[in-house]
């Protein structure tokens with residue numbers, strides 16, 4: 001979008017927050033860059049240039065605006081709606097792969113050379129993988145500086161910087177303030193940023209509180225209702241208006257509490273290692289589908305006269321995701337042809353027997369969900385499942401454990417579908433459920449789902465899978481969101497925000 005100058009100018013002049021994250025405005029006369037909705041008076045058109053990413057602005061020598069904090073914009077929805085190499089690279093960088101494995105690790109996961117990845121990212125985002133990772137490190141550093149009392153040396157290494165000198169230079173260059181000045185400024189104001197910055201932190205050591213921004217509207221009913229209704233005891237819970245769960249992270253584990261608010265999601269993270277902050281935020285945003293563009297999605301679905309009333313009644317529905325694709329795949333198999341309550345019971349038994357215990361000061365969460373490695377060696381006869389389901393589950397966890405079925409942010413959606421279909425016991429419903437909620441494909445579709453067929457019949461849509469799929473062609477590429485609107489027609493706990 002950043003190449004369409006006239007469209008960008010209209011967005012900046014109208015301060016349209018829907019375009020935050022789609023592009024960034026760099027001001028030649030001041031040397032700063034802003035989000036489109038920055039509240040300051042827009043500069044003259046000849047003094048503005050547009051970039052596709054915060055990293056591109058920083059690489060061009062611009063520093064972040066202190067008023068609108070463009071580095072905390074919602075992510076571009078483009079990267080969640082695509083499965084090509086650039087989109088997969090962006091998702092991997094957001095998951096911290098460059099900090100942990102370098103550019104070589106990123107290229108290896110995607111099956112390309114480092115030069116190819118560099119060239120592709122430069123063409124679309126105006127910055128290479130190192131610059132994108134550097135921008136992400138700067139944002140993480142700012143969060144740690146403003147929301148914790150960690151010494152600056154610990155902040156530097158927790159944010160992923162290789163040295164304190166690089167940390168100091170980067171913070172000064174990006175924010176035009178030294179790390180100590182950033183902390184002093186945050187302490188003095190102690191007012192949460194409407195742009196998605198920190199909220200007043202907790203005095204509890206290791207706890208970080210912040211705001212997760214999103215594009216409005218956002219309907220929390222089906223999003224949090226689904227997560228709460230399917231919560232696995234010991235791993236997830238709904239408590240005091242917040243969805244809480246344990247997180248298995250690269251350097252340790254964590255517990256997150258996510259509370260819906262009208263203009264943001266309040267996020268409270270307790271981490272055993274602060275180096276996991278970036279990854280934890282990225283996975284929570286993905287689980288809640290916070291980088292979606294609801295205006296584009298709802299606009300497309302409204303073109304169908306039978307869907308339009310559902311969209312108008314409760315716009316902004318998101319697709320509930322997951323923080324761990326392998327975990328959801330296991331849970332999808334446990335949920336085959338059983339009720340939500342039965343699926344939770346089966347999952348809870350696995351968690352108690354094979355999950356890693358964790359300490360929750362608030363007492364509600366007890367375990368991490370077991371890894372594929374932990375499940376690969378279990379005795380199938382110990383599972384209270386039909387024999388065919390045991391075979392399906394054991395085949396899945398062994399494929400996940402030995403790497404023959406890679407599921408994650410770097411997955412090619414079509415290839416993952418093909419590999420899942422090749423496993424015994426994997427039909428269209430299970431494969432598409434995993435594609436929708438674990439892989440994040442916005443066009444995943446479940447025409448064989450019983451709730452979908454009942455909703456379609458009630459609305460006057462075709463109810464047979466083939467006919468419904470043909471009708472849904474007009475909803476592409478947002479069929480996963482259409483599923484949410486159709487599911488919402490039923491009186492089911494997944495559609496109700498818990499009290």
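Please determine whether any residue of region 154-171 is closer than 24 Å to residue 39 by Cα, over 21 Å from the mean Cα position of the chain (by Cα) and crowded, with 19+ Cβ neighbours inside 10 Å.
Looking for residues that are closer than 24 Å to residue 39 by Cα, over 21 Å from the mean Cα position of the chain (by Cα) and crowded, with 19+ Cβ neighbours inside 10 Å, one finds at least one in region 154-171, hence yes.
Among the listed residues 320, 315, 309, identify the single one that is at pLDDT 95 or above, under 28 Å from residue 442 (Cβ atoms) and more than 25 Å from the chain's Cα centre (by Cα).
After applying the criteria, what remains is 309.
So residue 101 clears everything in (1) at pLDDT 90 or above; (2) in a helix (DSSP H, G or I); (3) crowded, with 20+ Cβ neighbours inside 10 Å except one condition, right? Which one?
Here residue 101 clears every test but (3).
Please enumerate the residues belonging to region 420-467 that are more than 24 Å from residue 84 (Cα to Cα) and crowded, with 22+ Cβ neighbours inside 10 Å.
Of everything in region 420-467, those that are more than 24 Å from residue 84 (Cα to Cα) and crowded, with 22+ Cβ neighbours inside 10 Å turn out to be 447, 452, 456.
Quick grid of which residues meet (1) outside any loop (DSSP other than H, G, I, E, B); (2) modelled with pLDDT of 95 or more; (3) within 26 Å of residue 408 (Cα to Cα); (4) out of contact with any helix residue (DSSP H, G or I) (no Cβ under 6 Å at 6 or more places or on another chain):
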position: 173; (1), (2), (3), (4): yes, no, no, yes
position: 185; (1), (2), (3), (4): yes, no, no, yes
position: 196; (1), (2), (3), (4): no, no, no, no
position: 202; (1), (2), (3), (4): no, no, no, yes
position: 211; (1), (2), (3), (4): yes, no, yes, yes
position: 234; (1), (2), (3), (4): no, yes, yes, no
position: 245; (1), (2), (3), (4): yes, yes, yes, yes
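Could you grab me the full set of residues in region 384-412 that are in a loop (DSSP other than H, G, I, E, B), more than 24 Å from the chain's Cα centre (by Cα) and without any contact (Cβ under 8 Å) to a residue 24 or more places away in the chain?
386, 404
Within the bounds of region 289-312, is there any residue that is under 30 Å from residue 161 (Cβ atoms) and touching a helix residue (DSSP H, G or I) at 6+ places or on another chain (Cβ under 6 Å)?
So far as region 289-312 goes, yes, one or more of its residues are under 30 Å from residue 161 (Cβ atoms) and touching a helix residue (DSSP H, G or I) at 6+ places or on another chain (Cβ under 6 Å).
One line per residue, one yes/no per condition, for (1) outside the structural domain of residue 133 (by TED's automatic domain parsing); (2) touching a helix residue (DSSP H, G or I) at 6+ places or on another chain (Cβ under 8 Å); (3) assigned to a loop (DSSP other than H, G, I, E, B):
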residue: 9; (1), (2), (3): yes, yes, no
residue: 29; (1), (2), (3): yes, yes, yes
residue: 33; (1), (2), (3): yes, yes, no
residue: 39; (1), (2), (3): yes, no, yes
residue: 56; (1), (2), (3): yes, yes, no
residue: 61; (1), (2), (3): yes, no, yes
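Could you go through region 125-147 and let me know if any residue there is at pLDDT below 90 and in a loop (DSSP other than H, G, I, E, B).
Checking region 125-147: not a single residue is at pLDDT below 90 and in a loop (DSSP other than H, G, I, E, B).
Step by step: first the residues of region 11-24, then only those that are outside any loop (DSSP other than H, G, I, E, B) and without any contact (Cβ under 8 Å) to a residue 40 or more places away in the chain, then the one that is surrounded by the fewest Cβ atoms within 10 Å (Cβ to Cβ). Which residue is that?
Looking at the filtered set, the residue picked out is 13.
Working carefully through the options 482, 470, find the one that is crowded, with 23+ Cβ neighbours inside 10 Å, under 25 Å from residue 296 (Cα atoms) and outside the structural domain of residue 315 (by TED's automatic domain parsing).
Of the residues listed, the single one that is crowded, with 23+ Cβ neighbours inside 10 Å, under 25 Å from residue 296 (Cα atoms) and outside the structural domain of residue 315 (by TED's automatic domain parsing) is 482.
Report whether or not residue 379 is in the same structural domain as residue 248 (by TED's automatic domain parsing), more than 23 Å from residue 340 (Cα to Cα), surrounded by fewer than 22 Cβ atoms within 10 Å (Cβ to Cβ) and in contact (Cβ under 8 Å) with a residue 12 or more places away in the chain.
no
Tell me which of these residue 112 doesn't satisfy, since it passes every other one: (1) outside any helix (DSSP H, G or I); (2) within 17 Å of the chain's Cα centre (by Cα).
(2)
The values are calculated or read from the model by the stated rules, or taken from the named source; none is laboratory data. Owing to the predicted nature of the structure, the values given are computational and were not obtained by experimental measurement. Reconstructed Cβ throughout: ideal geometry from the backbone, glycine too, with neighbour counts over all protein chains shown.
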